[in-house]
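K.L.:
One structure is given below, represented as structure tokens, and several questions about it will come after.
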Amino acid sequence: MMSMKGWLTRLSTGVGLALTTIAAQAYTETSGGYNMPVGVTEVSREVHGLHMAVFWVCVVIGIIVFGLMTYSIIKHRRSNNPKPADFHESTTVEIIWTVIPFVVLISLAVPAAGTLIKMEDTRNADMSIKVTGYQWKWHYDYLGEDVGFFSTLAEDSNQARQLGSGVDVTQVPNYLVEVDNPLVIPVGKKVRFLVTSNDVIHAWWVPEFAVKKDAIPGYVNEIWTKVEQPGVYRGVCAELCGRDHGFMPIVVKAVPEAEFTAWLEAKKNGTEVAAAETVVTDAAVDAAPTEVAAPAEAAVEVAAAEAEAAPAEMSKDELVAKGEGVFKANCAACHQANGQGLPPSFPSLVGSAVVGGPAAAQIAQVLNGKNLMPPFKQLSDTDIAAVITYTRNSWGNDSGVVQPDAVAAAR
Amino acid sequence: MAHAHDAHAHHDDHHHGPDKGIMRWIKTTNHKDLGTLYLFFAFTMFFIGGLMSLVIRAELFHPGLQFVQPEFFNQMTTMHALVMIFGGVMPGFVGLANWMVPMMIGCSDLALPRVNNWGFWILPFAFAMLIGTLFMDGGAPAGGWTMYPPLVLQTGNAFPFLIFAVHLMGISSITGAINVVVTILNMRAPGMTLLKMPLFVWTWLITAYLLIAVMPVLAGAVTMLLTDKYFGTSFFTAAGGGDPVMFQHIFWFFGHPEVYIMILPAFGIVSTIIPTFARKSLFGYDSMVYASASIAFLSFIVWAHHMFTVGMPLAGELFFMFATMLIAVPTGVKVFNWVATMWKGSMTFETPMLFSIAFVFLFTIGGFSGLMLAMTPVDFQYHDTYFVVAHFHYVLVPGAVFSIIAAVYYWIPKWTGRMYNEFWGKVHFWLSAVFINLTFFPQHFAGLAGMQRRVPDYAVQFTDFNVISTIGAFGFFVAQFIFIFNMLSSCFGWFGRKQGLPDRVWEGAHGLEWTVASPAPYHTFEDPPQFSDSEGTAIHDEAVAKA
Amino acid sequence: MGSAAAQNSQRYFVPAPSVWPFTLTVGLVALVVGVAGYLENDHIGPVPIWAGAIISIYIIFRWFQGIARESEGGQYSAQVDRTYRWGMSWFIFSEVMFFAAFFGALFYARGLVMPWLSGEGTKVATHLTLWPGFEGTWPSNGPANVGGDFETVPAFDVPLLNTLILLTSGVTITMAHHALKEGKRGLCILWMWATVALGATFLYFQAEEYIHAYHELNLTLESGIYGSTFFMLTGFHGMHVTLGTLMLLVITLRLMAGHFKPDSHFGFEGVAWYWHFVDVVWIGLFIVVYWL
Ligand code: HEA
Ligand code: HEA
Ligand code: CUA
Ligand SMILES: [Cu+2]
């Protein structure tokens, strides 16, 4: 009996120590390490607390169960214990090891329920932002403010991530977690997000806020956050949404309220304040409040479809020139810049029957998508006309011009 | 009882030897033949699914795209899962049931032998169809094995082939399951009451029940996908009054019991092997049975824990959290029982035992992470990250797959009459155990640190975890070749392996299967055996004593 | 129980190797591959569909014929009889679960989707932002009025008639069963024909109803969620009635060929169970699809 105890203690201390060290290390690390980030909201801290609590419960149970097993494996091997005992069936024991886990579970479930209830309470928000998922970008709408824009993967990441790009991605700043237009929100305010989607299901996730919600076409989900520290917070789309699911990151810039108001005003007037230009830091916590710099080069792209009224006639050259840009931005991901596509998944547009055929069919396909090809309704009539004209007059194709009003008629 | 067969009108079917050549396998109604076919099929699928996982792991070795286009990557993820689950684990378990259930309960064959043949032969065709989609316009399905609309509706020509392949697999599973249930309920040797059945039989009974209950639901769900795409129905579009999330509910109503379909037979295997090598009967037979039944019951009311982030009403989220956490209780009963069975036993560590012990350790780790996932608010952080990937690979690979491997080591001497090579078995075990942890343990960290699943590329801070994981995956895959050769050598007598094992290959083993010759003759128990008390006592003392 | 041989035998019945299952698989696979090809751009052509269907039907026929022969040949013990009973019960259970998926979809759509899209409960924003003005009342084809306005089939009209027909057929088949057990074969056959006729009448009315729905009510498979659930549920049910009627027909013909004995006729009973199952599903349909 003595030796059994000795073994047990030694073993469980050993295993326990090892696990404790790992766990303790995990605990101190934050984002970018190997544990869940503590985050920058009250909710995210609670969630992290629950995570650590259930983790420790598992560690303790693990030490007990694995400790006993290891002990038994060592002590009760045949060379050491040639005669097996013959005991079995004990209702008492069975009841004990049913009830104890049950109690442990209750003690975990109760606080979890509390946090959950808090997370689901989206009432009394200070402002609302509509978040719409597209294949593969996000659109943000500041409700009641007439400000809205797309947010897509930053261009340098986008180039580096192409197969065979030859770029060393470790040299790209914030590879895959940088966008052209980050979402800007004020700190200290309860911001409500209305999450929905334009095509397939996406999920909007920012780990530092402990916020993740699916964006479901035809439905709107509500979530909220109240960020305490200014900084840049990065997230990703967390629901498989097709080819470029891995390439639609989220960047949220939390700024002091005054700065936010200024940014919003500028945005409305079509000028840009540097707040929108993401500060290139990874850690959220130490990001200093941003200094205001000169306006960025690019003017804001308000969702084109909403803003623009279709102009009447455009020349073929105009359309082709404009279309090239639209194609590079929207279509080249699949059909490639040279139009060759990536058969068999993505057909070549060179000599394609659809491109060479009646315009109406192509307009319909671009507007509504087909199978793997997403719909492009969100583009303006002009853009669609331009891109179609471009495909019809490039790479040796020659099948005429499509005007914006034809697209408008087809909507 | 045995005297009766004199009066019986003999028809030569009974002593019909197998046909020769390929026709033997095509026409066979023999449970052992079909078991062998199932196992070889599963083996092939594990290999194909394993190759696909290597494509995944190779691409993820470093950030940036090196080998495949994102679209192809998604196809690999989707196909890997479908092939492993429906082609590997499930047929693997059905193969074991085919071989062992009749021999364990003392009957000559499954209840419906021709249906059994049908259920098997559907599978190679269904998978040829499914894997063939890789070569179609638009490529294979790439919407994840969960097939969520609207994404899955973007699949190209492969789409109807996916749906019909799932239908065919469903037919196969349902017929197989009906067969097992009927066999167990109707064909037990005289004297074998339900509570004297070996645990593997019990867990399979419950598994088969789950299969019959949920495979039709999956069939319904994919049928709705089909009509939504081709016949203008609106099940999953809001504009017509449907809901994409409705698919997820129906799918997971199938999907969650499905994961227990993949683990309950494993519980049965481990509950058979541990007592054998501990030379001590199972600590709590009844509680093992009740725990399995509770798990099966609970599995029907927890499905939405896969969908915590879809925006369910609060009450739903709370209910599914509580119900899910409850499953830890009966599963805990099982784990504790295994430990108590080992306690004060007289253990030896042959390869099947090693794999079983690793099962208990590593499955429990997977169960712990499952429990963490069950906590709704925290799952918001875990969901769709590599933490989930780590969770389910722990329960599936060192869980379900290890149990299949253990079972094959344990029974192959009975099947072939030739012992496997113990040395290489142990080498295989240690390599597998080390590499599998190398593969999947770092994925917990990657997930917690923020790496989402189903992506071909990732931010650079996750590189280290992925490097280790990829090395582990390749190591694990290569290690399986040891297993393959070891098993084939027993099958075909390579390396001069001789037959001539005793009936009871393992001294501590109990059950009717150990009362027939090794290798088991083509037909066993054409006349029902008397279920001897001593075999029964070893499996379940009390029940026999009471009876 | 059973014939003398069957009764005495404690031996298990083990059928000989058989090519039926494999051939059936080939037929089925050809069929689904053909249909799949048809759905996607028709690039395979109709041959596999027809070939597959013919092979499958032929094999199913042969297979059941074989079973009938084995059974009539006295090869089945009481145990085999129980096997078929259990097998049939579990098969019907799997069918129930298949229907459950579609009933589930109906309840979900009616009970959850409609309120959500109309802004009740937790989904206020959905209503306000995406579907303003939509008031989801059942029947519904969704906020986008998919498929255009439609009318529903009134419950207390043809559907009620069909309910009565099926319920009656449940009675007639029971009468047939009693007659068989009492050894009144002629009477049994008569009741069976009545049952078959009722099944066929049901199908006739259902076809009429579909034509009416498509042409006059503008109620189609494409009428949003109502059309989807309505046609999928009643359609799958109709397919089962068709199958059931065919099976009844086969049993009737077998009775006329002198098959089955007063004390051993599981073929008959299995089909009767199936018919009752179809019946019960219909009552469910009548209540939740047509009536409520
Ligand atoms: C064999 C398969 C298998 C098994 C057995 C399990 C077992 C469990 N699973 Fe897992 N699971 C999967 C396969 C499996 N799972 C798969 C494939 C997915 C992902 C699907 C996809 O999205 O593609 C998944 C995903 C998944 C999720 C969704 C995650 C997400 O997507 O966000 C959740 C959430 O609750 C979950 C929970 C659980 C729980 C609570 C158990 C429990 O049964 C575990 C119970 C066991 C223990 C707890 C350990 C032993 C117990 C003790 C020692 C007793 C004492 C313990 C305590 C009191 C803590 N699983
Ligand atoms: C049973 C199921 C199963 C099994 C065995 C495996 C095995 C493996 N899986 Fe898989 N995996 C899934 C089920 C499974 N997986 C599922 C459901 C998903 C989710 C898909 C989705 O997101 O849609 C997934 C996804 C998935 C991902 C995430 C992809 C992504 O999110 O993009 C990764 C990445 O590393 C991965 C890796 C691996 C590896 C390296 C193995 C290795 O272990 C493979 C090596 C295995 C073998 C070589 C087989 C060995 C077996 C034997 C030798 C037994 C012999 C058999 C008999 C005798 C009959 N898997
Ligand atoms: Cu959008 Cu994933
Ligand atoms: Cu689950």
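K.L.:
For B:Leu211, state whether it is within 25 Å of A:Asn198 (Cβ to Cβ) and either under 21 Å from the mean Cα position of the chain (by Cα) or assigned to a helix (DSSP H, G or I) (or both). So that I can check it myself, show each step before the final result.
P.N.:
Details: within 25 Å of A:Asn198 (Cβ to Cβ): no; either under 21 Å from the mean Cα position of the chain (by Cα) or assigned to a helix (DSSP H, G or I) (or both): yes.
Considered against the rule, which asks whether it is within 25 Å of A:Asn198 (Cβ to Cβ) and either under 21 Å from the mean Cα position of the chain (by Cα) or assigned to a helix (DSSP H, G or I) (or both), B:Leu211 comes out as no.
K.L.:
Shifting gears a bit: Of the numbered conditions (1) more than 16 Å from ligand 3 (Cβ to nearest atom); (2) assigned to a helix (DSSP H, G or I); (3) among the polar types (S, T, N, Q), B:Gln248 fails exactly one; give the number of that condition.
P.N.:
Of everything listed in (1) more than 16 Å from ligand 3 (Cβ to nearest atom); (2) assigned to a helix (DSSP H, G or I); (3) among the polar types (S, T, N, Q), B:Gln248 misses just condition (1).
K.L.:
How many residues are surrounded by fewer than 20 Cβ atoms within 10 Å (Cβ to Cβ), more than 10 Å from chain B (Cβ to nearest Cβ) and either in contact with a strand residue (DSSP E or B) (Cβ under 8 Å, 6 or more places away or on another chain) or at negative phi (or both) when one looks only at segment C:119-144?
P.N.:
Total satisfying the criteria: 7.
K.L.:
Among the candidates B:Phe355, B:Phe319, which residue alone is more than 8 Å from chain A (Cβ to nearest Cβ) and surrounded by 23 or more Cβ atoms within 10 Å (Cβ to Cβ)? Spell out the reasoning first.
P.N.:
Details: B:Phe319 fails: surrounded by 23 or more Cβ atoms within 10 Å (Cβ to Cβ).
Going through B:Phe355, B:Phe319 in turn, the sole match is B:Phe355.
K.L.:
Here is a follow-up. When only residues in segment B:50-78 that are near ligand 2 (Cβ under 9 Å from one of its atoms) and of a type in the set (A, V, I, L, M) count, which is nearest to B:Ile436 (Cα to Cα)?
P.N.:
Taking the candidates together, the pick is B:Leu54.
K.L.:
Can you say whether C:Ile44 is farther than 23 Å from B:Gly138 by Cα and either modelled with pLDDT of 90 or more or hydrophobic (A, V, I, L, M, F, W, C) (or both), as far as the supplied structure shows? Full working, then the answer.
P.N.:
Values: farther than 23 Å from B:Gly138 by Cα: no; either modelled with pLDDT of 90 or more or hydrophobic (A, V, I, L, M, F, W, C) (or both): yes.
The answer is no for C:Ile44.
Table: residues versus (1) in a loop (DSSP other than H, G, I, E, B); (2) within 16 Å of ligand 4 (Cβ to nearest atom); (3) polar (S, T, N, Q).
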site: A:Ile95; (1), (2), (3): no, no, no
site: A:Ser107; (1), (2), (3): no, no, yes
site: A:Thr115; (1), (2), (3): no, no, yes
site: A:Phe149; (1), (2), (3): no, no, no
site: A:Ser157; (1), (2), (3): no, no, yes
site: A:Gln162; (1), (2), (3): yes, no, yes
site: A:Asn181; (1), (2), (3): yes, no, yes
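K.L.:
Can you tell me which of (1) more than 11 Å from every other protein chain (Cβ to nearest Cβ); (2) more than 16 Å from ligand 4 (Cβ to nearest atom) is the one B:Met288 doesn't meet?
P.N.:
The single condition B:Met288 does not satisfy is (1).
K.L.:
Is there a residue in segment B:82-94 that is within 11 Å of another protein chain (Cβ to nearest Cβ) and either on the phi < 0 side of the Ramachandran plot or modelled with pLDDT of 95 or more (or both)? Before you say what the answer is, go through the steps one by one.
P.N.:
In the first step, residues of segment B:82-94 are kept if they are within 11 Å of another protein chain (Cβ to nearest Cβ); the result is none.
Within segment B:82-94, not a single residue is within 11 Å of another protein chain (Cβ to nearest Cβ) and either on the phi < 0 side of the Ramachandran plot or modelled with pLDDT of 95 or more (or both).
K.L.:
Just checking, does segment A:144-160 include any residue being closer than 30 Å to A:Phe376 by Cα, facing chain B (nearest Cβ under 9 Å) and either within 21 Å of the chain's Cα centre (by Cα) or within 16 Å of ligand 1 (Cβ to nearest atom) (or both)? Give the derivation first.
P.N.:
Of all residues in segment A:144-160, those closer than 30 Å to A:Phe376 by Cα come to A:144-160.
Keeping just the survivors that are facing chain B (nearest Cβ under 9 Å) gives A:160.
With the extra rule that they be either within 21 Å of the chain's Cα centre (by Cα) or within 16 Å of ligand 1 (Cβ to nearest atom) (or both), the set shrinks to A:160.
For segment A:144-160, residues closer than 30 Å to A:Phe376 by Cα, facing chain B (nearest Cβ under 9 Å) and either within 21 Å of the chain's Cα centre (by Cα) or within 16 Å of ligand 1 (Cβ to nearest atom) (or both): present.
K.L.:
Sort through A:Ile117, A:Ile74, A:Ile96 and tell me the only one that's surrounded by fewer than 15 Cβ atoms within 10 Å (Cβ to Cβ), closer than 18 Å to B:Lys334 by Cα and either of a type in the set (Lys, Arg) or out of contact with any Asp or Glu (no Cβ under 7 Å at 6 or more places or on another chain) (or both). Give the derivation first.
P.N.:
Numbers: A:Ile117 fails: closer than 18 Å to B:Lys334 by Cα; A:Ile74 fails: closer than 18 Å to B:Lys334 by Cα.
Going through A:Ile117, A:Ile74, A:Ile96 in turn, just one is surrounded by fewer than 15 Cβ atoms within 10 Å (Cβ to Cβ), closer than 18 Å to B:Lys334 by Cα and either of a type in the set (Lys, Arg) or out of contact with any Asp or Glu (no Cβ under 7 Å at 6 or more places or on another chain) (or both): A:Ile96.
K.L.:
Among the candidates C:Gly147, C:Gly104, single out the residue that is of a type outside the set (Lys, Arg) and free of Cβ contacts under 8 Å to residues at least 24 places away in the same chain. Lay out the reasoning, then the answer.
P.N.:
Details: C:Gly147 fails: free of Cβ contacts under 8 Å to residues at least 24 places away in the same chain.
Sole residue among the options that is of a type outside the set (Lys, Arg) and free of Cβ contacts under 8 Å to residues at least 24 places away in the same chain: C:Gly104.
K.L.:
For segment B:385-403, state whether one or more residues are on the phi < 0 side of the Ramachandran plot, within 8 Å of another protein chain (Cβ to nearest Cβ) and aromatic (Phe, Trp, Tyr).
P.N.:
Just the residues of segment B:385-403 that are on the phi < 0 side of the Ramachandran plot, to begin with: B:385-403.
Then drop every residue that is not within 8 Å of another protein chain (Cβ to nearest Cβ), which leaves B:385.
Adding the requirement that they be aromatic (Phe, Trp, Tyr) leaves none.
The answer is no; no qualifying residue exists.
K.L.:
Filter segment A:144-153 for residues that are in contact with a helix residue (DSSP H, G or I) (Cβ under 7 Å, 6 or more places away or on another chain) and buried (at least 19 other Cβ atoms within 10 Å of the Cβ) and give the result. Before the answer, list the steps.
P.N.:
Taking segment A:144-153 as the starting set, the residues that turn out to be in contact with a helix residue (DSSP H, G or I) (Cβ under 7 Å, 6 or more places away or on another chain) are A:145-147, A:153.
Listed by number, the residues that qualify are A:Val147, A:Leu153.
K.L.:
For residues in segment C:55-99 being of a type in the set (Ser, Thr, Tyr) and crowded, with 20+ Cβ neighbours inside 10 Å, which is farthest from the other protein chains (Cβ to nearest Cβ)? Step through it out loud before you land on a result.
P.N.:
Quick first cut of segment C:55-99, residues of a type in the set (Ser, Thr, Tyr) only: C:56, C:58, C:71, C:76-77, C:83-84, C:89, C:94.
So of that shortlist, the ones also crowded, with 20+ Cβ neighbours inside 10 Å come out as C:71, C:76-77, C:83-84, C:94.
Values: C:Ser71: 14, C:Tyr76: 12, C:Ser77: 9, C:Thr83: 4, C:Tyr84: 9, C:Ser94: 5 Å.
Once the filter is applied, the top-ranked residue is C:Ser71.
K.L.:
For segment B:229-245, which positions are crowded, with 23+ Cβ neighbours inside 10 Å, touching a residue at least 24 places away in the same chain (Cβ under 8 Å) and in a helix (DSSP H, G or I)? First the steps, then the outcome.
P.N.:
Step one: filter segment B:229-245 for residues crowded, with 23+ Cβ neighbours inside 10 Å, giving B:233-238, B:240-245.
Still in the running and touching a residue at least 24 places away in the same chain (Cβ under 8 Å): B:236-237, B:244-245.
Result: B:Pro244, B:Val245.
K.L.:
Another question, then. Residue by residue through segment B:327-352, note down the ones that are more than 8 Å from every other protein chain (Cβ to nearest Cβ) and of a type in the set (D, E, K, R).
P.N.:
B:Lys334, B:Glu350, listed by residue number.
K.L.:
Looking only at segment A:126-143, decide whether some residue is assigned to a loop (DSSP other than H, G, I, E, B) and either within 16 Å of ligand 4 (Cβ to nearest atom) or crowded, with 20+ Cβ neighbours inside 10 Å (or both). Break it down stepwise before answering.
P.N.:
Initial filter on segment A:126-143 (assigned to a loop (DSSP other than H, G, I, E, B)): A:126, A:135-136, A:143.
Then keep just the ones that are either within 16 Å of ligand 4 (Cβ to nearest atom) or crowded, with 20+ Cβ neighbours inside 10 Å (or both); that gives A:135-136.
Yes: one or more hits.
K.L.:
Can I ask one more? Among B:Gly425, B:Gly450, which is in contact with a helix residue (DSSP H, G or I) (Cβ under 7 Å, 6 or more places away or on another chain) and surrounded by 23 or more Cβ atoms within 10 Å (Cβ to Cβ)? Give the derivation first.
P.N.:
Numbers: B:Gly425 fails: surrounded by 23 or more Cβ atoms within 10 Å (Cβ to Cβ).
Matching residue, one of B:Gly425, B:Gly450: B:Gly450.
K.L.:
Output the residue which, of all residues in segment B:225-272 that are among the aromatic types (Phe, Trp, Tyr) and more than 17 Å from the chain's Cα centre (by Cα), is farthest from C:Ala109 (Cα to Cα).
P.N.:
Of everything passing the filter in segment B:225-272, B:Tyr230 is farthest from C:Ala109 (Cα to Cα).
K.L.:
Return the pair list, or none, for Cβ contacts closer than 7 Å from residues in segment A:93-107 that are farther than 16 Å from B:Gly284 by Cα to residues that are of a type in the set (Val, Ile, Thr) and within 9 Å of ligand 1 (Cβ to nearest atom), at least 6 apart or on different chains.
P.N.:
From segment A:93-107, the pairs are A:Pro101/B:Val329; A:Phe102/B:Val329; A:Val104/A:Val57.
K.L.:
Moving on. Among the residues of segment A:40-69, what is the count of those that are at the interface with chain B (Cβ under 7 Å from one of its Cβ atoms) and not in a helix (DSSP H, G or I)?
P.N.:
So the answer is 0.
K.L.:
So, one more: In segment B:428-441, what residues are crowded, with 23+ Cβ neighbours inside 10 Å and either of a type in the set (Val, Ile, Thr) or modelled with pLDDT under 95 (or both)?
P.N.:
The first filter runs over segment B:428-441 and keeps only residues crowded, with 23+ Cβ neighbours inside 10 Å, leaving B:428-429, B:432, B:436, B:439-440.
Within segment B:428-441, B:Ile436, B:Thr439 meet the criteria.
K.L.:
Continuing with this model, one more query. Would you point out which residue out of B:Gly345, B:Gly316 is in contact with a Lys or Arg (Cβ under 6 Å, 6 or more places away or on another chain), more than 8 Å from ligand 1 (Cβ to nearest atom) and at pLDDT below 95? Steps first, please.
P.N.:
On the way: B:Gly316 fails: in contact with a Lys or Arg (Cβ under 6 Å, 6 or more places away or on another chain).
Only one candidate passes the filter, namely B:Gly345.
K.L.:
So which of C:Val124, C:Val113, C:Val146, C:Val96 ends up being modelled with pLDDT of 90 or more, more than 30 Å from C:Met247 (Cβ to Cβ) and hydrophobic (A, V, I, L, M, F, W, C)?
P.N.:
On the way: C:Val124 fails: modelled with pLDDT of 90 or more; C:Val146 fails: modelled with pLDDT of 90 or more; C:Val96 fails: more than 30 Å from C:Met247 (Cβ to Cβ).
The conditions single out C:Val113.
K.L.:
Related question: Can you tell me which residue among B:Ser281, B:Ser294 is among the polar types (S, T, N, Q), away from ligand 3 (no atom under 16 Å from the Cβ) and without any contact (Cβ under 8 Å) to a residue 40 or more places away in the chain?
P.N.:
B:Ser294
K.L.:
Which of the residues that make up segment C:203-220 are within 21 Å of the chain's Cα centre (by Cα) and either closer than 15 Å to C:Asn162 by Cα or surrounded by fewer than 20 Cβ atoms within 10 Å (Cβ to Cβ) (or both)?
P.N.:
The answer is C:Leu203, C:Tyr204, C:Phe205, C:Gln206, C:Ala207, C:Glu208, C:Glu209, C:Tyr210, C:Ile211.
The values are calculated or read from the model by the stated rules, or taken from the named source; none is laboratory data. If you're wondering where the values come from, they're calculated on a predicted model, not measured in any experiment. Here the Cβ is made from the backbone with ideal geometry for all residues, glycine too, and neighbour counts use every protein chain on show.
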